[in-house]
There are 2 protein chains.
Amino acid sequence: MYQPAAPHLRLLRLLRDQGPVSRAELGDRLELSRPRLLAEVERLVAAEMIVEAGMAASRGGRRSTLVELHPRLRFAAVDLGATSINVEVTNGRLEPLAAYQEAADIRSGPRAILLRVNELLAKARTDGVYDRLDAVGIGVPGPVSFRDGVPVSPPIMPGWDRYPVRELLTQEYGCPAVVDNDVNIMAIGERHGGVAHSVDDFLFVKIGTGVGCGIHLNGGVFRGVDGCAGDIGHIQVESHGPACSCGNTGCLEALFGGAALARDALAAARSGESPALAARLEALGGAASGGATLTARDVAIGAAEGDITCIRLIRDGGRRVGSVLATLVSFANPSMIVIGGGLAQLGHVLLAEIRSVVYRRSLPLATGNLPVVLSELGSRAGVTGATVLASDALFEQAS
Amino acid sequence: MYQPAAPHLRLLRLLRDQGPVSRAELGDRLELSRPRLLAEVERLVAAEMIVEAGMAASRGGRRSTLVELHPRLRFAAVDLGATSINVEVTNGRLEPLAAYQEAADIRSGPRAILLRVNELLAKARTDGVYDRLDAVGIGVPGPVSFRDGVPVSPPIMPGWDRYPVRELLTQEYGCPAVVDNDVNIMAIGERHGGVAHSVDDFLFVKIGTGVGCGIHLNGGVFRGVDGCAGDIGHIQVESHGPACSCGNTGCLEALFGGAALARDALAAARSGESPALAARLEALGGAASGGATLTARDVAIGAAEGDITCIRLIRDGGRRVGSVLATLVSFANPSMIVIGGGLAQLGHVLLAEIRSVVYRRSLPLATGNLPVVLSELGSRAGVTGATVLASDALFEQAS
């Protein structure tokens, strides 16, 4: 029932994703008549979206003019995590020209965080990366009303509820801005330039401080009626499990994720159950000090050294994630599952356990051809997806 | 990113869903210029899809010609359940002109079942309901490759795997045919003429002999990459639960659904735990005979009479369905959940328990405006959806 996107949108996306293309090939690829194509090209040249750039190699007949995105196009991408800010500025082809990454606490509130974002983008301008931005894409770690461009009741983002993020960015930079959930932009990024390249129906599971899922269906992100589709961190996996920050007990996120793993690792170090973690804690200042903390990275190192408790912590977590994913696979019958986020560094021990549960517990028909794989883009998945959204927002306006 | 459907498709659907419409109103509703509309109408009249039918009441100026679907249009709908055949023949507006319902065991295989379908449709022709059919829609109780028009690895349908159902119906009736999963057609039916009217994103949960879910997203059914999306009956809800026909343990369907409830009701009757069920079994021929069986209807009657065990059986089942739905609500963030299938007759005791678990266990943001309601169409949901699919198949060919 769906029709293809408008010709100008397909043309601009093609140049973004493939680079310079000859007019002859554009006509073939977009199935446009020559006069129609020339009119589109002329219009987009006038709008300073594209330029003509020399002649293509001959395809046997006359040589055809090359067309490419305007070299002046600049997109900004911002990926706000619970504890981090990632910013990139790219050209029209989404190639990064500048990148900044730093720690930041999302709970500092929207004024402080967006001020810092503006400072990082000002630095890029001072460094000569851009004169003006053509579109901005930003991801935040909570539910978003995509239509309104605001966070909606985000549990770990005090002060951000319905804060006019899109409006402020649009005013600040005088260009289109798009706001989305951080896991959604990671899914879009992985589809653009990662392991899910050109896959239409897949789940991107982020296991970071918390746990979330980007749902990519029919070639686009599915956000749900309130913008919170994919918020799988609070699915109950143990009826008498530990208390969760959301007020329920036994949520996936309360049992596994960066915060839960840090808690369990510290307990295993203090009790002496894990010699590797105890030694690591000692090196960090000692169990006695009380202030030292362990992270997923310490558990990953311990597991690589063969520490039984570290391996068990990862496998227990993988089993819990796997049980939720088995349910979602039976429900959504996706083409692929991509595992990303900080805890993807736990690597193949985690992946093997997740696969084992998914393949055992889901419908055989749904898992027959189902790859469960690690993210290729890692920490760049989010900013990559944000530039895709930003460029689409600009291109859609070019009609 | 999606464009509206082609004008002729929107025109035909409008006449199907709303009845006769004046040309003037059609032009307004479809946003077509007068010459374009007249050309479309002329073409569809020539194709015998529509007719002009007198003059509309004046809207102030000249009276406009009324247009309606051709009165000769006939659609056949077939809803095959695990233990039943429902057939309807409708006119172009999907109003039933003949309906047949009878018991049948899907395990009899495709030849026997489709022969019986043909006999029922032949009866309708003999009775003068139609001369020829314009499209046929059929639903089957298992996964379907919608593109190929065949069942795919259906667990409870021996002999049906990749049986060319669509091809045979197309040959038999010389018209387009569409094959889909039974729960998908129920969801489509409920959206067309039931409680989910015009709702774009909702879940239709069928609790019959087994349990399944129709997923309606972005205005269409989501079928998954292998056609088995929504197959939620084999989601594990108890790690040490009873064995399921699929080979796993603790599946939702092994704990609740028509078959599981019949098993539990019989056990409660025989043990004497439920006086109401024991009395019912006695009336049916006695516990001693061993051949008598109880059904969901007996449990519903017992619950209405206040039998504690019957109420508990329903509430236990509702809790299990609710726990799965809570997960799916957090994942998909739908606008509505519709409960249908034979066990919907358990009514408000079941519904109250499902609601209680969904509202307690899902994200508050996702349940803020989430109705959980019973199907309005009941046993007619499936045939209604099948006629919608059949008519769409015909209309799409009318380009």
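The values are calculated or read from the model by the stated rules, or taken from the named source; none is laboratory data. All figures in this text were calculated on a predicted structure; none of them were measured in a lab. Note that each Cβ is placed from the backbone with ideal geometry, even for glycine, and that neighbours are counted across all protein chains shown. To get the accessible areas, we keep the full protein, side chains included, count just its heavy atoms, and leave off ligands, DNA and RNA. Shrake-Rupley method; radii C 1.70, N 1.55, O 1.52, S 1.80 Å.
Relative to the longest principal axis of the Cα atoms of chain B, helix B:258-270 runs at roughly 30 degrees. Among the protein heavy atoms, those of B:E167 account for about 110 Å² of accessible surface (1.4 Å probe, every chain in place).
Each part reduced to its alpha carbon centroid, region B:215-233 and region A:308-337 end up 21 Å apart. Quick check: the angle from helix B:182-193's long axis to the longest principal axis of chain B, C-alpha only, nearest 10 degrees? So the helix axis and the longest Cα principal axis differ by about 50 degrees.
Once the cut-off is 21 Å, how many percent of the Cα-Cα pairs in region B:197-375 end up in the long-distance tail? Could you put the intermediate results ahead of the total?
Working: 7992 of 15931 pairs.
It works out to 50 percent of all Cα pairs.
Do you know the relative contact order of chain A, to the nearest whole percent, from alpha carbon pairs under 8 angstrom that are 6+ apart? Numbers along the way, then the final one.
Working: 803 pairs, mean separation 64.9, N = 399.
Reported as a whole number, the value is 16 percent.
For B:A283, the label point sits 7 Å beyond Cα toward Cβ; its separations from the matching points on the remaining copies run 7.6 nm, from shortest to longest. Counting from the shortest, the label point at B:E95, 7 Å from Cα toward Cβ, is 6.6 nm from the same position in each remaining copy. Over all pairs of different C-alpha atoms, region A:133-241 has a mean inverse distance whose reciprocal, the Kirkwood radius, equals 14.7 Å. Distances between copies of B:P242, taken at a point 7 Å out from Cα along the Cα→Cβ vector and listed shortest first: 3.6 nm.
Carbon and sulfur together cover what percent of the accessible area of chain B at a 1.4 Å probe radius? Intermediate results must be reported in sequence, preceding the final value.
Values: 8180 of 16250 Å².
Carbon plus sulfur share of accessible area: 50 percent.
The interface between chain B and chain A buries about 4100 Å² of solvent-accessible area in total (1.4 Å probe, ligands and nucleic acids excluded).
How many Å² of accessible area per residue for region B:197-375, probe 1.4 Å?
Values: 6560 Å² over 179 residues.
On a per-residue basis, region B:197-375 sits at 37 Å².
Here is the tail figure for region A:305-366: Cα pairs spaced more than 13 Å apart come to 61 percent of all pairs.
Given the Cα atoms of region B:33-187, and with Rh set as the inverse mean 1/r over their pairs in the Kirkwood sense, what is Rg to Rh to two decimals?
On the way: Rg = 19.0 Å, Rh = 17.3 Å.
Rounded to two decimals, Rg over Rh is 1.10.
In region A:307-340, burial by the other protein chains removes 30 Å² or more of accessible area from A:T327, A:L328, A:S330, A:F331, A:A332, A:N333, compared with the chain on its own (1.4 Å probe, ligands and nucleic acids ignored). In chain A, the longest principal axis of the Cα atoms and the axis of helix A:308-332 are about 50 degrees apart.
Could you check what % of the DSSP bridge pairs in chain B are antiparallel, to the nearest 5?
Working: 32 of 50 bridges.
Taking every DSSP beta bridge with both residues in chain B, the antiparallel ones total about 65 percent.
When only alpha carbons are used to place a centre, region B:68-111 and region A:245-306 end up 61 Å from one another.
With the simple spin-label model, which puts each label point 7 Å out from Cα in the Cβ direction, the B:D127 to A:R132 separation comes to 7.1 nm. Other protein chain C-beta atoms within 10 Å of residue C-beta, averaged over A:354-363: 3. Annotation for region B:1-105: GluC sites (Glu not before Pro) lying in DSSP loop with at most 12 further Cβ atoms inside 10 Å of their Cβ are B:E31, B:E48. A dipole drawn for region A:7-69 from +1 and -1 charges on Cβ atoms has a positive end, and of A:L12, A:A24, A:L38 the residue lying farthest that way is A:A24. Remark: region B:4-99 carries 46 Å² of accessible area per residue (probe radius 1.4 Å; ligands, DNA and RNA excluded).
Using only the Cα atoms, work out Rg/Rh for region B:293-399, with Rh taken as the Kirkwood radius, to two decimals.
Working: Rg = 17.2 Å, Rh = 15.6 Å.
Taking Rh as the inverse mean 1/r over Cα pairs, Rg/Rh reads 1.10.
A simple spin-label model places pseudo-atoms 7 Å from Cα toward Cβ; at B:L38 and B:N369 they are separated by 4.4 nm. With each label modelled as a point 7 angstrom along the Cα→C-beta vector, the A:D161-B:A304 pair spans 4.5 nm. Electrostatic bookkeeping for A:E102 treats Lys and Arg as +1 and Asp and Glu as -1; over the other residues with beta carbon under 14 Å from its beta carbon, the sum is -2.
Tally Lys/Arg at +1 and Asp/Glu at -1 over every other residue whose Cβ is under 12 Å from the Cβ of B:P176; what's the total? Write out the running numbers ahead of the final one.
Working: positive: B:R166; negative: B:D134, B:E167, B:D392, B:E396.
Net charge around B:P176: -3.
What number does region B:7-69 give for Rg over Rh if you use C-alpha atoms and the Kirkwood radius?
Working: Rg = 10.6 Å, Rh = 11.5 Å.
Using Cα coordinates only, the ratio equals 0.92.
Using every Cα-Cα pair within chain A, state what percent have a distance larger than 34 Å. If you can, show how the numbers build up before the last one.
Working: 28535 of 79401 pairs.
More than 34 Å apart: 36 percent of the Cα pairs in chain A.
Taking the chain by itself as reference, region B:197-219 contains these residues with an accessible-area loss of 40 Å² or more in the full protein complex (1.4 Å probe, heavy atoms): B:L217, B:N218.
Less than 13 Å Cβ to Cβ from A:G258, Lys/Arg counted +1 and Asp/Glu -1: what total charge do the surrounding residues give? List each step's numbers first, then the result.
Details: positive: A:K206, A:R263, A:R297; negative: A:E253, A:D264, A:D298.
After counting each charged neighbour, the total is 0.
Across all directions, the shadow cast by the convex hull of the protein assembly as shown built on its C-alpha atoms averages 42.0 square nanometres.
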